[in-house]
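Chemist: This is the structure I have questions about; it appears just below.
The values are calculated or read from the model by the stated rules, or taken from the named source; none is laboratory data. Remember, it's a predicted structure, so these values are computed and weren't measured experimentally. Note: ideal-geometry Cβ built from the backbone for every residue, glycine included; neighbour counts use all protein chains shown.
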Amino acid sequence: MPFQSINPATGELLESFADTPVDQVERAVALADAAARDWRGRSEDERARLLTAAARILRARKTEYATVMALEMGKPVVQGEGEAEKCAWACEYYAEHGPAMLAPEPRATEAMRTYVRFDPLGVVLAIMPWNFPFWQVFRFAAPALMAGNVVVLKHAPNVPRCALAIVELLTEAGFPAGVFQSLFVEPDAVPRLLADTRVCAVTLTGSPRAGAGVAEHAGRNVKKSVLELGGSDPFIVLVDADVAAAAETAAEARLVNSGQSCIAAKRFIVVERVFDAFLERFSAAMRRPRMGDPLDRATEIGPQARLDLRRTLHTQVEESVRRGARVVLGGRAADGPGAFYPPTILSAVSAGMPAFDEETFGPVAALVRARDDADAVRLANGSSYGLGASIWSRDRERAERMAREIEAGVVFVNGMVKSDPRVPFGGVKRSGYGRELSEHGLREFVNVKTVWIA
């Protein structure tokens, strides 16, 4: 089945790419294996220099890359430029800080000398999603490449041109042949790749179902795996919150990337006493952004990435309403061509509804009433996901106490959850395991090696 680039704003087929033939997959793995032996021997200064060169290209061509994102998966072009800038930041961050993260760490023992080394694993398979088609790749690749690993990328089938653009820019930056390659292969090729002894590890960002399948095959072959599997992030508004600021940020957090973000706020858990005030301000903020052509620089909300994804989202809305949720805003697919879905608010949401239990991957906000702080924590943790959470309170100590109780890998107080190269990113429960970014992400794909000298 060919990989297809389809404009989700119009439904127009832009380009098709044939699957990578089996013999070419074999050659790519062999090339990666040979490149890994060379790349691990390159100095950290050289790796840093090439990452810095990649950052320069990302910034210089950010509008070009943003246009590709807009055409393939509907991201508004201004947001796409921001994504390219963030990728450049990650490259620069690891170029600057990576050598220190990889420096051997001395340990005091009875030996003459003991230290811990951080050596690369080798070839890492990266299975990446379409929603942040550049950032998701660089979020993993920048630290992995800095650590001395090489990458074989299996990108989402609806963003093939993004995948090729990343390969082209890293090649232009000077990365040696085989250090970063992209394959157009179907999911059934993943077990074969993980069974290959030359592939040392795998990282996946995707659905829990996809993650479980990859983890099964990785475990069967005793390969390291890191999984980021989405979320149903709670956005908790306490009675002493700045309701106006919370409502404005809530709308931004729900509508980022047209609602198609694993760390977008999805369940808005609001303490009863401020619920009505929050809903009024939140509704106004959700009505304000402009939805339209993602190539128009005034557009803030683009289409959903595919029509089937929009159908799934609308089915979740309809089923939640059937079970008792109330539509406050939106709730129906936009007329006309493209996969557009309007900002939607559902009130009276509770456990047992798709809007509460499932990940709604689009601009749909589920509002949930909480009696008090303890009830807010109960509701926040009453999810199979555990990626991120946001807590709003003027009392910092109160919010920090609550943060300790929240079952999530990332908790922001009075701010929107976001990934940042300086701090670890990842989840618990069905949101996956392992960490990306910071020194913790860099060290996921290294051999933490003890050296003991008597």
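Chemist: Within segment 169-195, how many residues turn out to be of a type outside the set (A, V, I, L, M), crowded, with 20+ Cβ neighbours inside 10 Å and assigned to a loop (DSSP other than H, G, I, E, B)?
Modeler: Selection size over segment 169-195: 3.
Chemist: Could you grab me the full set of residues in segment 40-63 that are without any contact (Cβ under 8 Å) to a residue 12 or more places away in the chain and aliphatic (A, V, I, L, M)?
Modeler: If the condition is that a residue be without any contact (Cβ under 8 Å) to a residue 12 or more places away in the chain and aliphatic (A, V, I, L, M), then Ala60 is the only one that fits.
Chemist: What pairs come out if I take residues in segment 342-359 that are surrounded by 20 or more Cβ atoms within 10 Å (Cβ to Cβ) and pair them with residues that are aromatic (Phe, Trp, Tyr) whose C-beta lies under 6 Å away, six or more apart or interchain?
Modeler: Val349/Phe356
Chemist: Just one of the numbered conditions (1) more than 26 Å from Glu405 (Cα to Cα); (2) crowded, with 21+ Cβ neighbours inside 10 Å is not true of Ser283; which one?
Modeler: (2)
Chemist: Being within 26 Å of the chain's Cα centre (by Cα) and among the charged types (D, E, K, R) is the filter; apply it to segment 1-37 and report the residue that is farthest from Ala334 (Cα to Cα).
Modeler: Per the stated criteria, the residue is Asp19.
Chemist: So how many residues does segment 207-243 have that are in contact with a Pro (Cβ under 7 Å, 6 or more places away or on another chain) and either surrounded by fewer than 23 Cβ atoms within 10 Å (Cβ to Cβ) or of a type in the set (Lys, Arg) (or both)?
Modeler: 1
Chemist: Go through segment 304-322 and count every residue that is surrounded by fewer than 21 Cβ atoms within 10 Å (Cβ to Cβ) and assigned to a loop (DSSP other than H, G, I, E, B).
Modeler: Selection size over segment 304-322: 1.
Chemist: Just to be sure, is Val152 assigned to a loop (DSSP other than H, G, I, E, B), hydrophobic (A, V, I, L, M, F, W, C) and in contact (Cβ under 8 Å) with a residue 40 or more places away in the chain?
Modeler: Criteria not met by Val152.
Chemist: A further question follows. Working carefully through the options Ala253, Ala277, Ala244, find the one that is aliphatic (A, V, I, L, M), at pLDDT 95 or above, under 20 Å from Ala389 (Cβ atoms) and in a helix (DSSP H, G or I). So that I can check it myself, show each step before the final result.
Modeler: On the way: Ala277 fails: under 20 Å from Ala389 (Cβ atoms); Ala244 fails: under 20 Å from Ala389 (Cβ atoms).
After ruling out the rest, the residue left standing is Ala253.
Chemist: Which condition breaks for Asp420 when tested against (1) assigned to a loop (DSSP other than H, G, I, E, B); (2) within 16 Å of Arg267 (Cβ to Cβ); (3) not basic (Lys, Arg)?
Modeler: (2)
Chemist: Here are some residues: Leu329, Leu309, Leu279. Which one is hydrophobic (A, V, I, L, M, F, W, C) and under 30 Å from Ser5 (Cβ atoms)?
Modeler: Values: Leu329 fails: under 30 Å from Ser5 (Cβ atoms); Leu279 fails: under 30 Å from Ser5 (Cβ atoms).
Answer to the selection: Leu309.
Chemist: Looking at Ala66, Ala84, Ala141, which is the one that is without any contact (Cβ under 8 Å) to a residue 60 or more places away in the chain, in contact with a Leu (Cβ under 6 Å, 6 or more places away or on another chain), under 30 Å from Ser16 (Cβ atoms) and in a helix (DSSP H, G or I)?
Modeler: Values: Ala66 fails: in contact with a Leu (Cβ under 6 Å, 6 or more places away or on another chain); Ala141 fails: in contact with a Leu (Cβ under 6 Å, 6 or more places away or on another chain).
The match here is Ala84.
Chemist: Tell me yes or no: at least one residue of segment 323-339 is part of a loop (DSSP other than H, G, I, E, B), within 27 Å of Trp135 (Cα to Cα) and not assigned by TED's automatic domain parsing to the domain that holds Gln79.
Modeler: Within segment 323-339, one or more residues are part of a loop (DSSP other than H, G, I, E, B), within 27 Å of Trp135 (Cα to Cα) and not assigned by TED's automatic domain parsing to the domain that holds Gln79.
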